[in-house]
Amino acid sequence: MTQQSLRISRRRFLAAGALAAASPLVFPSHVLGRPGVIPPSEKIVLGLIGCGNQGGGILGVFLRDRQNYRVTAICDCHRGRTDGGVARVNRDYGNSDCKGYHKYEDMLAQEGIDAIAIGTPDHWHTKISIEACKAGKDVFCEKLLTHTPVESRQIVAAARKYNRVCSSGSQRVMEDYGYMASVIQSGAIGEVKEAFFEVGPPPTDSYYPEQPIPNGLDWDRWLGPAPWVPFHSERFSGNFGGGWRRYRDYGNGFLADWGTHKLAGILYILGIDHLEPLEILPPGCEQNPHDRLTLIYPGGIRIHHVIGNVALYDVTFIGSEGRFRHNVDRNRILPLHQVDVRRYNGGTTNLYADFAYCVRHRLRPFQDYLYGAVAATSCQLAHYGYRVNRPLKWDAEKTAFVGDEQANRLVSRPKRSPYEINDW
């Protein structure tokens, strides 16, 4: 694949601005050492919203990184998780400084917090991110970054409007698959027109009988923008192998939950992670008789979703002169020459340190919201391809499918009152 074929420009995300990478943000007059800016010698004061499975996991990362972060606030709609998170932070630091919040709005109102991390289920990500940006906080948000393509536009536009440093939380893009970028972009397997990613299926609806709401859980707030349904432990569960991730009211299935790691990795490796697909072909249709869904990107690049057979596919590139499989060919195929690919900023070596560096220096992080939003939208479009089970053409400028009103009803989801995304 030539570099020329990768440089496909377009107007993106309305007024959001498509330039990302390590380009500086617009500096206010007080920048660098003046009031309101965090000098490199000071720690970033961080609050965590959502302290379940994944939230608890990233809390450990921020607690261990004492060079960069100081966690001072925990918020969860389950009081037991809030209290447990606060106790964990205070125990780790050996003090009683951490505060607990039931409502994230109260945390965002605290002026002493520089940045927040979001570990909630996916259907909450966009609303909390937008309100955090509006409150003047920088944001680290777990994947999947958004719940719908419309939210992908909103979340990037808010980050740009309020001039915030916002990072999507997919560490695997660089740390698992990043080594493949220089191999592919150097032309080591020739021109790449095809790639595969193996992950689980798209989401389903959830049908469960009512169970008693656990003590301390605000079930209405957990549901938030999603439709009201009675409590059931499987909907509420953050189990990485099940739980809310499987259901379309809260996520986009394992297709997106792991797919955002692998597909985002493929898009990064190809240098097209600012682009969304042009076409979605479900398996078994006339244009795609295979048993895999295919996304067609600008330049004719075909990326196939495969369910099962991770040993054969995982993350795999097919070039005009060979095949490159994640890990299998890691030491067998090397770059033909040095390639300048986007990496973590400032010589940092992980996603969390990259975020800290960018907060201090007002840079767009490695997984800036633009990239996370494109990856999320790509996974969502694949979900819709499975759901309607017919070929779709996507107009990214209009955030709409071409000539398919039924499919277009999936592009946005109504929000339950009072949890709408209001004018910002």
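Each reported figure results from applying straightforward, stated rules to the coordinates on display, with no laboratory input. Note that the structure is predicted; figures quoted are calculated from it, not measured. Positions of Cβ are generated from backbone atoms using ideal geometry, with glycine treated the same way; all protein chains shown enter the neighbour counts.
Things to note:
- Any hit, segment 280-290, residues being within 30 Å of V61 (Cβ to Cβ), not in a strand (DSSP E or B) and not β-branched (V, I, T): no
- Elements of type helices (runs of 4 or more DSSP H) in segment 179-279, at least 3 residues being farther than 23 Å from T146 by Cα: 179-185
- In the set R416, R364, R390, only one residue is farther than 21 Å from A256 by Cβ and touching a Cys at 6+ places or on another chain (Cβ under 9 Å); that residue is R364.
Yes/no per residue for (1) polar (S, T, N, Q); (2) out of contact with any Lys or Arg (no Cβ under 9 Å at 6 or more places or on another chain); (3) without any contact (Cβ under 8 Å) to a residue 40 or more places away in the chain; (4) closer than 24 Å to N163 by Cα:
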residue	(1), (2), (3), (4)
N68	yes, no, no, yes
I74	no, no, yes, no
R91	no, yes, yes, no
C141	no, yes, no, yes
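- Qualifying residue in segment 288-301 (condition: under 24 Å from F240 (Cβ atoms), surrounded by 21 or more Cβ atoms within 10 Å (Cβ to Cβ) and polar (S, T, N, Q)): no
- Listed by first and then second residue, the pairs linking a residue in segment 218-239 that is more than 14 Å from N53 (Cβ to Cβ) to a residue that is among the aliphatic types (A, V, I, L, M) and in a helix (DSSP H, G or I), with Cβ atoms under 8 Å apart and 6 or more places separating them unless they lie on different chains, are V229/L223.
- Residues of segment 390-424 that are assigned to a loop (DSSP other than H, G, I, E, B), basic (K, R) and either out of contact with any helix residue (DSSP H, G or I) (no Cβ under 9 Å at 6 or more places or on another chain) or surrounded by fewer than 17 Cβ atoms within 10 Å (Cβ to Cβ) (or both): R390, K398, R409, R416.
- Qualifying position, being surrounded by fewer than 14 Cβ atoms within 10 Å (Cβ to Cβ) and acidic (D, E), among D205, D218, D249, D257: D205
- Scan of segment 329-371 for residues that are without any contact (Cβ under 8 Å) to a residue 12 or more places away in the chain and either crowded, with 21+ Cβ neighbours inside 10 Å or under 20 Å from L267 (Cα atoms) (or both), ordered by number: D329, D340
- Count of residues meeting criterion [of a type in the set (S, T, Y) and either surrounded by fewer than 17 Cβ atoms within 10 Å (Cβ to Cβ) or under 19 Å from T126 (Cα atoms) (or both)] in segment 372-389: 2
- Residues that are closer than 14 Å to I113 by Cβ and touching a helix residue (DSSP H, G or I) at 6+ places or on another chain (Cβ under 6 Å) were ranked within segment 47-73; the one that is surrounded by the fewest Cβ atoms within 10 Å (Cβ to Cβ) is Y69.
- Residue satisfying condition, being among the charged types (D, E, K, R) and crowded, with 16+ Cβ neighbours inside 10 Å, within set D106, D83, D76: D76
- Given (1) touching a residue at least 24 places away in the same chain (Cβ under 8 Å); (2) buried (at least 16 other Cβ atoms within 10 Å of the Cβ); (3) over 28 Å from S168 (Cα atoms); (4) of a type outside the set (K, R), index of the condition P283 fails: (1)
- Selection of segment 264-307 for residues being within 19 Å of the chain's Cα centre (by Cα) and of a type in the set (D, E, K, R) yields D273, E276.
- Any hit, segment 286-297, residues being aromatic (F, W, Y) and under 29 Å from T120 (Cβ atoms): no
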